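Here the structure comes first, spelled out in structure tokens, and everything after it is commentary.
The values are calculated or read from the model by the stated rules, or taken from the named source; none is laboratory data. Just so you know, these numbers come straight off a predicted model, no measurement behind them. FYI the Cβ positions are ideal-geometry reconstructions off the backbone, even for glycines, and counts take in every protein chain you see. For accessibility, only protein heavy atoms count, side chains too; no ligands or nucleic acids. Shrake-Rupley method; radii C 1.70, N 1.55, O 1.52, S 1.80 Å.
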Amino acid sequence: MTFNLKTIHKAVNWNVEDDGFTQAFWDQNVKQFWLPEEISVSKDLKIWADLSENEKELYKKVLAGLTLLDTKQGNNGVPSMMSLTEDLQRKAVLSFMGTMEEIHAKSYSSIFMTLLTTSQIDELFKWIETEPTLQRKAELILAQYENTNDKRSLYLSMVTSVFLESFLFYSGFFYPLYLAGQGKMVASGEIISLILRDESLHGKYIGLLAQEIYDNFKDEEKLKLKKEMYKIFEDLMENEIEYTKKIYKESGLVEEVITFLKYNSNRALENLGFDKYYEVGEINPIVLNGLSTETKSHDFFSTKGNGYQKGIYEELEDEDFII
């Protein structure tokens, strides 16, 4: 058989560092790998039975909203960024992150299957498809992901991804962290902590890639991109506040969640190399403590805390990834 080769096909070579940070992110992602089946959510059943109907309704809906976001990030977001990323090591890291997004989405289903009946789960997934602010959030995100075709749009897709993983998720994270910090729904809270640890890593890595692309544009184009970036940011935040007001309405926590969102949106901008946007008041200390991605286990023998890793886990610092 004769081949007329027009393209040279390359294999990823991990024996050479392509940059000063991607291999470190690969190692960290692998060390953090986990599966929802390793965490016994059934330990939450007694507490679940004691929650009020309003508390149960809120818990279900915040996890349902997170399920939609992880689905779109795994199915659309990561592939859109991989499509125009030429470096093979970077593609591999993004691919691993995409797999974890699918695991995150599946982990919420593990919680649903443990706590809810089949009819309740069906009703919840119908709610996802009919809640206007949740559907608009998906539309805003997909509007960018589905139009990634050059370096400029790749940058804006990465911006959107950082916003998704560094602040949009956090309206959903707030309530599980709030309950777990009071000793309620602790096993499910451990899943949220593991997801949060992953998303923190994803936001940092994709933020670094976005900064690199941005720095290669000329000043005039940078100004245009920055303006578009803030437009995406403001549209997402406006919708997220409306979403928060709707699902947290009966909880008395609306303003605390919005403050939490603004706090994390500042962190998202920092991941992209920009200054904070909001002056933020005090964060609920229970939830702020839950943001810590340092190793913790409530009960090593009964709850798989995020202290469980297949390797030594150390917090990544910004100076580890100076390009």
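Key figures
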read-out	value
Inter-residue pairs, beta-carbon under 9 Å, first at negative phi and in the stretch 206-217, second of a type in the set (A, V, I, L, M, F, W, C) and open to solvent by 50 Å² or more (accessible area, probe 1.4 Å), 6+ apart	208/323; 211/323; 212/323; 215/323
All positions within the stretch 108-131 that are of a type outside the set (A, V, I, L, M), within 16 Å of residue 65 (Cα to Cα) and touching an Asp or Glu at 6+ places or on another chain (Cβ under 9 Å)	108, 110
Pairs with Cβ under 9 Å, 6+ apart, first in the stretch 128-148 and at negative phi, second at pLDDT below 95 and among the basic types (Lys, Arg)	none
Leading residue by the ranking (most open to solvent (accessible area, probe 1.4 Å)) among those in the stretch 66-121 that are within 16 Å of residue 199 (Cα to Cα) and among the small types (Gly, Ala, Ser)	95
Residue in the stretch 153-169 that is touching a helix residue (DSSP H, G or I) at 6+ places or on another chain (Cβ under 8 Å), of a type in the set (Asp, Glu) and closer than 25 Å to residue 260 by Cα present	yes
Sole residue being more than 28 Å from residue 146 (Cα to Cα) and out of contact with any strand residue (DSSP E or B) (no Cβ under 9 Å at 6 or more places or on another chain), chosen from 16, 12	16
Residue check, residue 30 farther than 19 Å from residue 138 by Cα and touching a residue at least 12 places away in the same chain (Cβ under 8 Å)	yes
Selection within the stretch 11-37 - β-branched (Val, Ile, Thr) and touching a Gly at 6+ places or on another chain (Cβ under 8 Å)	30
